[in-house]
């Protein structure tokens, strides 16, 4: 894999969980989700990813889409269902137990890690 594709692929891998989390906060359109993910991560999700993913979540009854008028056009806003909230909580639990400490260590600076190894 080329280095230039590593970070975008990594972000896209986490984006499924990120989309669920964002929809747990407030209803959003597909474009609104792409915009917020870019704001949070610095990386843009491609429409070819987000819209099929939303369709699959809707098909699985994890989200519900409602059409609304915005500026003279129709926009579909998605929100998490109770089933979707359960899925998000299961994903959180899967990450919380084994991964929380690993992610914390991964995000620490190299200086802090080298100090720990010298004192430990």
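The values are calculated or read from the model by the stated rules, or taken from the named source; none is laboratory data. Predicted model only: the values in this text are computed from it and were never measured. Virtual Cβ from ideal backbone geometry, glycine too; neighbours counted across all protein chains shown.
The number of residues in the stretch 77-87 that are touching a helix residue (DSSP H, G or I) at 6+ places or on another chain (Cβ under 7 Å) and either within 20 Å of residue 13 (Cβ to Cβ) or not in a helix (DSSP H, G or I) (or both) comes to 5. Quick one: how many residues across the stretch 16-46 are at pLDDT 95 or above, exposed (fewer than 14 other Cβ atoms within 10 Å of the Cβ) and within 23 Å of residue 73 (Cα to Cα)? Of the residues in the stretch 16-46, 2 are at pLDDT 95 or above, exposed (fewer than 14 other Cβ atoms within 10 Å of the Cβ) and within 23 Å of residue 73 (Cα to Cα).
Being in a helix (DSSP H, G or I), under 17 Å from the mean Cα position of the chain (by Cα), under 29 Å from residue 5 (Cβ atoms) and without any contact (Cβ under 8 Å) to a residue 24 or more places away in the chain is a property that residue 90 lacks.
Would you check if there is a residue in the stretch 82-95 being closer than 18 Å to residue 21 by Cβ and at pLDDT below 80? Scanning the stretch 82-95, I find at least one residue that is closer than 18 Å to residue 21 by Cβ and at pLDDT below 80, so the answer is yes.
Pairing each residue of the stretch 13-32 that is on the phi < 0 side of the Ramachandran plot with any residue that is assigned to a loop (DSSP other than H, G, I, E, B), provided the two are 6+ apart or on different chains, yields C-beta distances under 7 Å for 15/45. Residue 13 meets all of the listed conditions (1) under 13 Å from the mean Cα position of the chain (by Cα); (2) closer than 15 Å to residue 88 by Cβ; (3) loosely packed, with under 14 Cβ neighbours inside 10 Å but one, namely (2). Sort out which residues of the stretch 51-64 are farther than 9 Å from residue 81 by Cβ, in contact with a helix residue (DSSP H, G or I) (Cβ under 7 Å, 6 or more places away or on another chain) and surrounded by fewer than 20 Cβ atoms within 10 Å (Cβ to Cβ), and write them in order of number. If the condition is that a residue be farther than 9 Å from residue 81 by Cβ, in contact with a helix residue (DSSP H, G or I) (Cβ under 7 Å, 6 or more places away or on another chain) and surrounded by fewer than 20 Cβ atoms within 10 Å (Cβ to Cβ), then 51, 53 are the ones that fit.
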